[in-house]
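The values are calculated or read from the model by the stated rules, or taken from the named source; none is laboratory data. The structure presented is a predicted model; accordingly, all values stated were derived computationally and were not measured. Using ideal geometry, Cβ is built from the backbone for each residue, glycine included, and neighbour counts are taken over all protein chains shown. Side chains are part of the model used for accessible areas, which takes the heavy atoms of the whole protein and leaves out ligands, DNA and RNA. Shrake-Rupley method; radii C 1.70, N 1.55, O 1.52, S 1.80 Å.
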Amino acid sequence: MWVEKVELTSYGAIQGESIVFSEDKINLVVEPNEYGKTTMATAIWSILFDFALDQKAEDERLTAKDARQPKSGLPYMAKMDINHKHKRLTIVRNFAEGTYQVLDRDHRDADITREYQGANGEDEIGLKLTGM
């Protein structure tokens, strides 16, 4: 799986930012402290796997999901374009509503979310894409 692009509508302290990853190259994100590198890495993970309901943030006062809740009032959303087994996909997560979509960019953004759900409709996006 190759992550092509990550877009953060509003995730933690980051709003309206995106990062594009080059294919066939090593991609490094080198920025000063407090720039958002860890937030971007956490976003990639949470787009794939969502947040565990009881997972605590580092300070133990909030859940990991609540700790990334945007203060701006903008929609708590992120999306990621990936290439998986020669299929170009977009994963869209609305963390506030607990919804997600998987779109097939090779077929006019056809909604193929069902292909990434378990037998009872559970979210298996990360599992099916990474095997983890």
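A few points about this structure:
- The radius of gyration of the Cα set in segment 17-132, together with its Dmax, comes out at 15.2, 44 angstrom.
- The accessible surface of the chain, taken with every protein chain in place and a 1.4 Å probe, is 49 percent carbon and sulfur.
- Surface exposure of segment 1-126, expressed per residue as accessible area with a 1.4 Å probe, stands at 64 Å².
- Taking 7 Å steps out from each Cα toward its Cβ at Gln101 and Ala13 produces label points 3.1 nm apart.
- Its alpha carbons considered, segment 79-132 gives a radius of gyration followed by a Dmax of 10.8, 31 Å.
- Segment Asp66-Trp2, extension gain: residue separation times 0.36 nm, minus the distance between their alpha carbons: 20.2 nm
- Structure remark: mean-square fluctuation, Gaussian network model of the chain, C-alpha springs under 10 Å; the largest value among Asp104, Asp24, Asp81 belongs to Asp24.
- Mean separation of Cα pairs under 8 Å and 6 or more residues apart, divided by the residue count, gives the chain a relative contact order of 24 percent.
- Amide H contacts of Ala96: Tyr76, each under 5 Å away and 5 or more positions distant or on a separate chain (H built 1.01 Å from N in the peptide plane; Pro and chain starts excluded).
- Estimated purely from DSSP H runs of n ≥ 4, each contributing -39500 (n - 2.57), the mean residue ellipticity at 222 nm for the chain is -4500 deg cm²/dmol once divided by its residues.
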